[in-house]
Each structure stands twice: as C-alpha cells, then as structure tokens.
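Student: A single structure is presented below for examination.
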Amino acid sequence: MPVLIDEPASVQLIVGAQWGDEGKGKIIDLLSERARMVVRFSGGDNAGHTVVNPHGEFKLHLVPSGIFYPDVTCILGNGVVVNPGSLLAEIDDLHKHGVDAARLFISDRAHLIMPYHLVLDGLEEKRRGAKAIGTTLKGIGPAFTDKVARQGIRAGDLLNKTTLRSRLAELLDLKNAIITRVYGAPALSLDQVYDEYSGYADRLAPRVRQTEIMLHDAIARKEAVLLEGAQGTLLDPDFGTYPYTTSSSPLAGNACIGAGLGPGQIDHVIGVAKAYSTRVGGGPMPTELKDATGELIRERAHEFGATTGRPRRCGWFDAVAVRFAARLNGFSSIALTRLDILDIFPSVKICVAYRAGGKTIDHFPSDTDLLERCEPVYEELHGWQTPTERSRQFGALPAAAQKYVERIEKLIGCPAGIVSVGARREETIVVNPLPA
Ligand code: GDP
C-alpha cells in the first residue's frame, strides 16, 4: 500500500496517465506542501497546468507547480526546453500576484527555444495540411529536434554572450536557408534575435545552474523531492499514438534522464488520470464522444486547453489505455481527478476493451491506424447523481461513485491513492487506507 503524503523524505514522481491535462498541476500543488524540491523533467511551455490555491488561479506553462510554497526549490531540469521570453512573462505574472519565484532555477543543460523554432513549427504544421499534428506552435518539437541533431543552444550558453552570438550566427545561417528556400518565408535577423536573447540572458543568468547537483544534494539530505511530469503517457513518442505525439518522453523512465537521477532513487510513481478521457489535437482516441454527452462533459468541465484555449475532445474513461500507462510507468498508485464532473450522469461507462475487424482487442495497439478503427467495448455502471465535491473520505462518496473508482482500480491493476473531487486543494480524498 503506497503511502503518498505522510512520507516526506522520499522521491515521488508524478506523471500523466492519459493524453495530458489530467490535473497534474493540482496534485503536484497538493503534494508540494511536504516537498523541498520540485523538478520538471520534460516538455516545454506547451504543457499547461492550472493551479487554484489561496493566491488565485494560475495557468503555469513552465514554472513547476511547487512555486507557491516559499520553502520549495523549483527546477527546470535538463530535459525541459525553455522559451526564455515566456518563462520571464510567467515569472513576472507570479510576482504581480505576490508569488516570489526567487527559488526557481534552470539547468544549464536545458535547451532554449529560439525564434526560428516557432517559425518552423508553424511552417511544418502548415505543410502537413489535413495531417497536422495539432502542435501548440510553440517551437517545442523543432527545439527537441535540434537537441538530438546537436544543433541546439543551451541555457548555459546564456552565460557567455560571445559564445551565444557565434553559436547563433552559425545556426541561424542554416535555419534561414530552410525558412527561405524550403518554405519561401522571410529570414530572421541575427541582430534582432541576438539582442532579444542577450536581454533574456541578463535576467535569467542568475538562475542558470548545474541543477542535477542541487537534486543530488537534496536527495543526500533526505529531503522530499517531487519530479513533475508534463503531458501524458499516450503522447509519448515511443508508446503513444505516433505520429500524433509530443516530442519528449512524458514517461516515468524519462524522469531519470530529464532530471539527472537513477531509477532506484525513485520511491513512488503516481499516475494522474481523469475519471473520464480528454485529448487535444489530432490522433486516435477510441472513447471520444462526438455527441451531446461529450459536449456536456466539455462544458461542465470547461475542457479547453490551458495553453492553447482549444476545445478538448472528451469521452468516457478508457481502462485499456490507462492500464497500459500503469504498466509502462510502473505506477505505485493513481490520483483519480475530476470525479465530480461525472456527478450528473444517470449511468457512467468504462471502456474495457476495443473491437476492430470483428476481433476483441484487450491491449493498446501500437498500430495507430488500427487504433483509429477501434470501437470501445463499454461496461455501464450506475451513476450517482449526487454532488461529491464535499466528500473528504472515500467512505463518504456515494456508493455508486465508490464502485466506479474500485472498478477502475481493478481494471487498470493499480490502487487509487488520491481521489480528487474539485479544483481546490481541500477538495481531495486521500484514500489511506486504500479501499479493499
Ligand atoms: P494538468 O496539465 O494535468 O495539470 O491539467 P490542466 O491544468 O490542464 O487541467 C486540469 C484542470 O482541472 C484544471 O483547471 C484544474 O484546476 C482542474 N481540476 C483538477 N482536479 C480537479 C477535480 O478533481 N475536479 C474539478 N472539477 N476540477 C479539477
């Protein structure tokens, strides 16, 4: 039985179990109370956490959700790509709301998103036409591509402006050739890009550190550390619905690489899953509801992206997909969020298998075309039609809601350690002891 909150001196890893937007922000905000360090390890400002706490409602894209606690050191690890302009805007916004971001640090190994990454993101999506991935157009994919292609500029380069300028000059030549000759778009000016980034360097340099050392020291001091995932398992470039995937791995395994620690140092892996499913952008989603029920979930849950404002595709809980996520990440437990959204339905459905080509499929297919053809096989359970937002103990939930959670636990092979029934911190049930 995983102990989730009453074990401060441990390393906990929080990852999304579906297609992102599972409510990780709330869970991390909650768990940060006992933590001394929160480390983001993947993605960029395409991630969008919404946190509602006594300071107000915040949409964080890069800054780890632990920032609201003055004793928590927040780190953007080497596995993150950083847009310095949007990071500074986020820091300024936090300051405006009385939140001090002085304890936020950036790994010197983290790659920077450059203006040409945003330009190329837009041009590449346009070229894909009807097959557009639905990226957030924030340059994340092109920045990760450059990292692997050894054509990146890292946060550490902000510390030496001579290196920054010469590296930029060399790379911009190549990028401008692609922008102008392949896409026929206007070239970017070296002076303009340099001046902009030189300004960012002045403000961000004091935050640039070898952050893996800070992490190692915190672990050695037996401080509680949270590793904060972005996006969700089913967007993983390897195990997600390729090519409708994100460009860095959101999986538990990548936390080690993107933060700089070993698998044996992680004590608990918590998967965050919504009590239903959502997806933003293109790609298969077997339980998508294109009917009034889907619309009702979207409206009731305000399912519009925190980063892009795009309406999210909504549907019933997909236990095949979340079981896959539980296995890929080795979840110790899940945090099941947004149970309250289902409060109004007379009955609720869980997808327990897929059907395609006359066959029943009980696993998440690697073939994206096959997944596109999959029809969900549903199990229908009684709804509870009672508000759950005031429940603070598992036993206080309506019986049908308890059955719903327990059925999900059984189907995905993993206990629910936390059940969330509202956006606010207190609207949370810590299931401890776990339901039998
Ligand atoms: P994240 O990227 O995984 O953090 O997810 P988002 O922030 O995009 O979406 C989660 C949304 O759900 C936010 O608006 C949260 O405030 C909200 N939220 C989180 N948990 C709950 C819950 O249990 N019930 C309700 N109604 N809202 C929740």
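Student: Give the Cα extents of the chain along the principal axes, in whole Å, largest first.
Tutor: The Cα atoms of the chain stretch 65, 51, 38 Å along the principal axes, largest first.
Student: Rounded to the nearest 10 degrees, what's the angle between the helix 115-128 long axis and the longest principal axis of the chain, both from Cα atoms, 0 to 90?
Tutor: For helix 115-128, the angle is close to 60 degrees.
Student: Same structure again: Does segment 307-360 classify as rounded, prolate or oblate by the C-alpha gyration tensor (a ≥ b ≥ c root eigenvalues; a/c under 1.5 gives rounded; else a/b over b/c gives prolate, otherwise oblate)?
Tutor: Because its axes are fairly even, with a/c under 1.5, segment 307-360 counts as rounded.
Student: Based on alpha-carbon centroids, what's the gap between segment 301-344 and segment 353-420 in Å, whole number please?
Tutor: Spelled out, the Cα-based centre of one part sits 10 Å from the other.
Student: Could I have the simple spin-label model distance between Asp362 and Lys126, label points 7 Å from Cα toward Cβ, reported in nm to one decimal?
Tutor: That separation, rounded to one decimal, is 5.0 nm.
Student: Give me the accessible area per residue for segment 1-91, probe 1.4 Å, as a whole number in Å².
Tutor: Result: 25 Å² per residue.
Student: Against the longest principal axis of the chain, how steep is helix 292-301, in degrees 0 to 90 to the nearest 10, with axes from Cα atoms?
Tutor: Around 60 degrees separate the two axes.
Student: At 222 nm, what helix-only mean residue ellipticity would the chain give, in deg cm²/dmol to the nearest 500, using -39500 (n - 2.57) for each DSSP H run of four or more? Can you show the working numbers first?
Tutor: Values: 12 runs with 131 residues, N = 436.
Helix-only estimate at 222 nm: -9000 deg cm²/dmol.
Student: Moving on. Could you give the radius of gyration (one decimal) and Dmax (whole number) of the Cα atoms in segment 119-259, in Å?
Tutor: 17.9, 55
Student: Hey, another quick one. Filter the GluC sites (Glu not before Pro) in segment 203-243 down to the DSSP loop ones having no more than 10 other Cβ atoms within 10 Å, then list what survives. Mind dumping the intermediate values first?
Tutor: Working: sites: Glu212, Glu223, Glu228; in loops: Glu223.
Filter output for segment 203-243: empty list.
Student: Also, quick follow-up: Need the full-extension length gain, His95 to Leu370, defined as separation in residues times 0.36 nm minus the C-alpha distance. One decimal, nm.
Tutor: Residue separation times 0.36 nm, minus the Cα-Cα distance, leaves 94.2 nm.
Student: GNM, the chain, Cα, under 10 Å: largest mean-square fluctuation among Gly383, Gly262, Gly315?
Tutor: Most flexible of the set in this elastic network: Gly262.
Student: Right, something else. Just to be sure I understand the model, the point goes 7 Å from the Cα along the line to the Cβ. What's the resulting Val182 to Arg390 distance in nm?
Tutor: 5.9 nm
Student: In addition: Report, in cubic angstrom per residue, the convex hull volume of the C-alpha atoms of segment 152-226.
Tutor: Each residue corresponds to 122 Å³ of Cα convex hull volume.
Student: Another question about this same structure. Using a 1.4 angstrom probe on the protein heavy atoms only, line up Tyr242, Tyr197 by accessible area, largest first.
Tutor: Tyr242, Tyr197
Student: Over the alpha carbons of segment 191-278, what is the largest minus smallest coordinate on each principal axis, giving the biggest first in Å?
Tutor: The Cα atoms of segment 191-278 stretch 46, 39, 23 Å along the principal axes, largest first.
Student: Indicate, rounded to the nearest 5 percent, the antiparallel portion of the DSSP beta bridges found entirely in segment 244-402. The partial results should precede the final answer.
Tutor: On the way: 16 of 23 bridges.
Taking every DSSP beta bridge within segment 244-402, about 70 percent pair in antiparallel fashion.
Student: For segment 181-275, which trypsin sites (Lys or Arg not before Pro) are in a loop by DSSP, counting at most 14 other Cβ atoms within 10 Å?
Tutor: Answer by residue number: Arg221, Lys222.
Student: In segment 36-120, what % of DSSP beta bridges are antiparallel (nearest 5)?
Tutor: Once the DSSP bridges in segment 36-120 are tallied, antiparallel ones form about 35 percent.
Student: Here's a follow-up. Indicate, rounded to the nearest 5 percent, the antiparallel portion of the DSSP beta bridges found entirely in the chain. Mind dumping the intermediate values first?
Tutor: Values: 25 of 60 bridges.
Looking only at bridges with both residues in the chain, the antiparallel portion is about 40 percent.
The values are calculated or read from the model by the stated rules, or taken from the named source; none is laboratory data. In this text the structure is predicted, and so the values were computed from the model without any measurement. All Cβ positions, even for glycine, are placed from backbone atoms using ideal geometry, and neighbour counts span all protein chains on display. Areas reflect the complete protein model, heavy atoms only, side chains present, ligands, DNA and RNA absent. Shrake-Rupley method; radii C 1.70, N 1.55, O 1.52, S 1.80 Å.
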